[in-house]
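A short write-up of the structure that comes next.
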Amino acid sequence: MDYKRLIIRGISYSQTQSGAYALLLEHEETAVKLPVVIGNFEAQAISLGLEKDIHPPRPLTHDLFAKFAKLSGYALNSVVIYQIIDGVFFSNLNFKHTKSEEELILDARTSDAVAMAVRFEAPIYTTEQVLSEAGILLDLDLPPAAEQQFTETESETSSLKDLSNEDLANLLESAVKDEDFDAALEIQQEIKRRNKKID
């Protein structure tokens, strides 16, 4: 089957569902966007997988499963979002054993599949049918996925800007220790923004 490769364009608060997030995937060639509504936990899991600099003190569910798969000799070759029914996306995790080359295909929620893909740095694909049914063409000027952050209020942004670099580092360490990953991601983005200005 002719699969279409997707890249992660960002995660933001969902405008349609309260307390939910929108994961925005994009077809590389046509720039058609595939918006997937995900929960807060899944949004954190994907964001933490993209942010290689933040390490939770205890392994999260996706980190645990990824480690188990690796120790069992399996690598995640790809994720395929193969259909959409009544607004629900269906995905497969395509594993392959590194020695025996045995293939293992597991059904997964799309949010979990993407969270695993970022941990294995595996490609994400979909079908032409899914793209035509659920894809939309938007003219968005979003930063790359690694730079994308959760939407934050103006007051949160300005309060972070007022802190010194040392205070930000201490705040980041404290947020990670308390497992407040939303705050940790916002602080990390502020530190990255400052470092870019210095460069």
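The values are calculated or read from the model by the stated rules, or taken from the named source; none is laboratory data. Keep in mind the model is a prediction, meaning the values are calculated, not measured. Using ideal geometry, Cβ is built from the backbone for each residue, glycine included, and neighbour counts are taken over all protein chains shown. Each accessible area value is taken on the protein alone, full model and side chains, heavy atoms only, with ligands, DNA and RNA left out. Shrake-Rupley method; radii C 1.70, N 1.55, O 1.52, S 1.80 Å.
Filtering segment 152-167 to residues that are modelled with pLDDT under 50 and either surrounded by 11 or more Cβ atoms within 10 Å (Cβ to Cβ) or not in a loop (DSSP other than H, G, I, E, B) (or both) leaves E152, E154, S155, E156, T157.
Filtered by the rule that a residue be part of a helix (DSSP H, G or I) and over 17 Å from D107 (Cα atoms), segment 121-135 gives E128, Q129, L131, S132, E133, A134. Would segment 15-25 turn up any residue that is surrounded by 14 or more Cβ atoms within 10 Å (Cβ to Cβ) and over 19 Å from G87 (Cβ atoms)? For segment 15-25, residues surrounded by 14 or more Cβ atoms within 10 Å (Cβ to Cβ) and over 19 Å from G87 (Cβ atoms): absent.
Among residues of segment 116-151 being at pLDDT below 70 and hydrophobic (A, V, I, L, M, F, W, C), the one that is surrounded by the fewest Cβ atoms within 10 Å (Cβ to Cβ) is L140. Select from segment 42-69 the residues that are charged (D, E, K, R) and open to solvent by 90 Å² or more (accessible area, probe 1.4 Å) and list them in ascending order. K52, D53, R58, K67, listed by residue number.
Looking across S72, S91, one residue alone is crowded, with 20+ Cβ neighbours inside 10 Å, more than 28 Å from A175 (Cα to Cα) and hydroxyl-bearing (S, T, Y). It is S91.
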